[in-house]
1. How are the alpha carbon pair distances in segment 15-147 distributed across 5 Å bins from zero to the largest one, expressed in percent?
2. Quick one: 33, 118, fewest Cβ neighbours within 10 Å first, how do they rank?
3. Give the angle, between 0 and 90 degrees and rounded to the nearest 10, that separates the Cα long axis of helix 128-153 from the longest principal axis of the Cα atoms of the chain.
4. Could you please rank 103, 125, placing first whichever residue has the fewest other Cβ atoms within 10 Å of its Cβ?
5. Contact order normalised by length for the chain, with contacts defined as Cα pairs under 8 Å and 6 or more residues apart; what percent is it?
6. Using Cα atoms only, what is the angle between the long axis of helix 71-84 and the major principal axis of the chain, expressed in degrees (0 to 90) to the nearest 10?
7. For segment 101-128 and segment 6-44, what is the separation of their C-alpha centers, rounded to whole Å?
8. By the scheme Lys and Arg +1, Asp and Glu -1, what is the net charge of all other residues having a beta-carbon under 12 Å from that of residue 30?
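Bear in mind these aren't lab numbers, they're just calculated from the coordinates by the rules spelled out. All values derive from a computational prediction rather than experimental measurement. Counting neighbours? That spans all protein chains shown, and the Cβs are built from the backbone with ideal geometry, glycine included.
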Amino acid sequence: MARDGMVRMKVEGLRNVDRALAALGKNQARGIMRRALVAAAKPIADEAASLAPEFRGDLQESIRYGSRLSRRQAAQQRRADRAAGRRDFVKLYVGAGPLPQAHLREFGTADIPPSPYMRPAWDKHGGARALSTILRELRAGYVRELAREARKAGGGRRRR
């Protein structure tokens, strides 16, 4: 895990995928990548929500995936990105909402034993499994986009 609590993956050897997506255009590539990340993130979020301990503050309901963060989380992320010199094309977050007890439940305190829910969810659905889902969805999205472009070039569907 990264110092800021995020898991980052660096994948190398996908130049062909990068070139293929770049040929489609920025907006189409961003949409395909976002859908692929959502497909990989959904099982992680669902598993974490099922493992999260019941506690006031609706911890289970706050676990979700998406590109939006709370104001505080977004400010922390901007600082971390600026410090690392990072500018990502697409970002997707998975985790608990801005509940103050979320990390306390995951890691525990001096008085409360840890009740991990995010780490086991990542261990089960993340890593290589998430990467294979992302690659499968990127491929499917690329093929779908090529078919759509071919339909547009051919005049679309013909009406009777």
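1. Over segment 15-147, the share of Cα pairs per 5 Å bin runs 2, 10, 16, 17, 17, 16, 10, 6, 3, 1, 0, 0 percent.
2. In increasing order of surrounding Cβ atoms, one gets 33, 118.
3. 30 degrees
4. Ascending Cβ contact count within 10 Å gives the list 103, 125.
5. Averaging sequence separation for qualifying contacts and normalising by length gives 29 percent for the chain.
6. Taking Cα atoms only, the helix is inclined about 70 degrees.
7. Centre-to-centre (Cα) distance: 27 Å.
8. +2
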